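S.K.: Mind looking over this structure? Questions follow.
What follows is calculated from the coordinates using simple rules that are stated; it is not laboratory data. Since we're looking at a predicted model, the values are computed, not measured. Positions of Cβ are generated from backbone atoms using ideal geometry, with glycine treated the same way; all protein chains shown enter the neighbour counts.
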Amino acid sequence: MGIIANIYRISNYPDCSNDGISNNFEEVCVVNCNGPFDFNEDRPPVILEKGQSLIKGEEGVKAYPVDIEHYKKTKEIRRCKKGGYMFGGTYIGCSDSRFCKKVSEILGRRVYGQLIALHDRTEPYEPYQG
């Protein structure tokens, strides 16, 4: 169960997600955020994790697609591991206070009204192995 978050992107800009979640959906379900909603075929699951911010020396929160097959087998929520995920230019956000509470919990400090970078662009590892 989780919270529904909207996907925000520049409407007149081409898809930079390499056909990721943000190119195919308008909203996601944040499954590691306590809420009453389930993911489904119209609302794929994502997970929030702490990660390096674009600002040097600061930590931020990032959203990643969930490995649905692993979840179906084990009921364990983890992010997909089928390649290198990166930011494709879209964000997720939600006005539900439980969303900001989860972001605050991950960062260890209070935040208000935060948009989270959606890391749904994936490429295979092979080109990066030298």
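S.K.: Restricting to lysine pairs 8 or more places apart or on different chains, what number in the chain have Cα atoms under 17 Å apart?
M.R.: Taking the Cα cut-off of 17 Å, the pair count is 11.
S.K.: Using the basic label-point model (7 angstrom from Cα toward the beta carbon), what is the D42 to S97 distance in nanometres?
M.R.: 2.9
S.K.: Next question. What three numbers, in Å, describe the spread of the alpha carbons of the stretch 3-128 along their principal axes, ordered from the longest?
M.R.: 39, 37, 29
S.K.: Note down the relative contact order for the stretch 14-86 as a percent, whole number, built from C-alpha pairs under 8 angstrom at least six residues apart.
M.R.: Details: 96 pairs, mean separation 15.2, N = 73.
Answer for the stretch 14-86 is 21 percent.
S.K.: Based on the Cβ-Cβ distance from V111 to M86, what FRET efficiency comes out when R0 is 35 Å, to the nearest 0.05?
M.R.: Details: r = 23 Å, r/R0 = 0.65.
That gives a FRET efficiency of 0.95.
S.K.: Hey, another quick one. Please report the relative contact order for the chain, taking Cα pairs under 8 Å with a sequence separation of at least 6, and give it as a percent rounded to a whole number.
M.R.: On the way: 272 pairs, mean separation 36.0, N = 130.
Computed over the chain, the figure is 28 percent.
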